[in-house]
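A short reminder: the numbers here are calculations on the coordinates, not readings from a lab. Worth saying up front: this structure is predicted, and the values here are computed from it rather than measured. Here the Cβ is made from the backbone with ideal geometry for all residues, glycine too, and neighbour counts use every protein chain on show.
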Amino acid sequence: LLEQASIIRERYACQTAYEQSLDKLEQDDDDEDLEPSIGISTTPEPAEPTGKSQEEEGPKTHKEPPGFDGDRVLSNAILFLMEFGWWIELNYAIPEGDVGRVFEILKIFIFTFAGSSNQNYLRYMLDLYALLEFECSPKLKEALLNNWLINLTGELGKFIEGDLMQTKVLLQLYKDEELHSFCSGRSMGHAAVNQFDRGYQRLENGKLTEYLEHSAEYATLLHEME
């Protein structure tokens, strides 16, 4: 089974397989064991867009360059299986509390975030990697990793992410304290400022008049300079 799994990965779920699927020559030179079966091309002719469809916004149709002899549909499937495999690995590693496997997948995500449109996640992942690999002492690194996954039940397969546990604790606290129910006379020593209402009152009580007077003086000055 492990041998078959390795062949499936090399054939359908890795970067090499993706690159080979885009070049017929790569397919011809590939190892037979790692080469996908050859099918019959069924690529439909692209439909001519109607006047209405040209005006509508939507995903743009990808057009292959002249001379393309790869298989874009197969390459799309390979990318899906490869990325889905990373999430499956996380799905198993997290409940088992295997923080090492989790960290290995997060390293891969550095590259996927770098290739995506969300650069904030890239910076976060790079900062995290640099912190753990180059800035932390071994003991601090171990302490941080040991707090990523939490198991409050003591049962096997019951680990969850630390931040998710915090969210669940807060939701339960909100429920216990009846946060979103009306309780007459309830107060806990903090009053949030209604900045919208405060701003409305300040504008009404003179701030707006002050602004208009200042703007009028500025407009008069500009007029005199002309």
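Spatially, segment 179-214 and segment 71-115 are offset by 48 Å when compared through their Cα centroids. Over the chain, the hull volume per residue, using the convex hull of the C-alpha atoms, is 405 Å³. Scoring 215-224, 7-16, 178-187, 126-135 by mean Cβ neighbours within 10 Å over their residues and listing the highest first yields 7-16, 126-135, 215-224, 178-187. Counted by neighbouring Cβ atoms within 10 Å, the residues V169, V102 run from fewest to most as V169, V102.
Given 0.36 nm per residue, what is the gain on full extension from L212 to E133 after removing their alpha carbon distance, in nm? Before the final figure, lay out each step's value.
Working: separation 79, 0.36 × 79 = 28.44 nm, distance 5.74 nm.
Length difference between fully extended and current span is 22.7 nm.
A simple count of charges around E217, restricted to other residues whose Cβ falls under 12 Å of its Cβ and scoring Lys, Arg +1 and Asp, Glu -1, yields -3. Segment V169..S184, full-extension length gain: 2.9 nm, with 0.36 nm per residue of separation and the alpha-carbon distance subtracted. Maximal additional length on extending the I7-W148 stretch stands at 47.4 nm, based on 0.36 nm per residue less the C-alpha distance.
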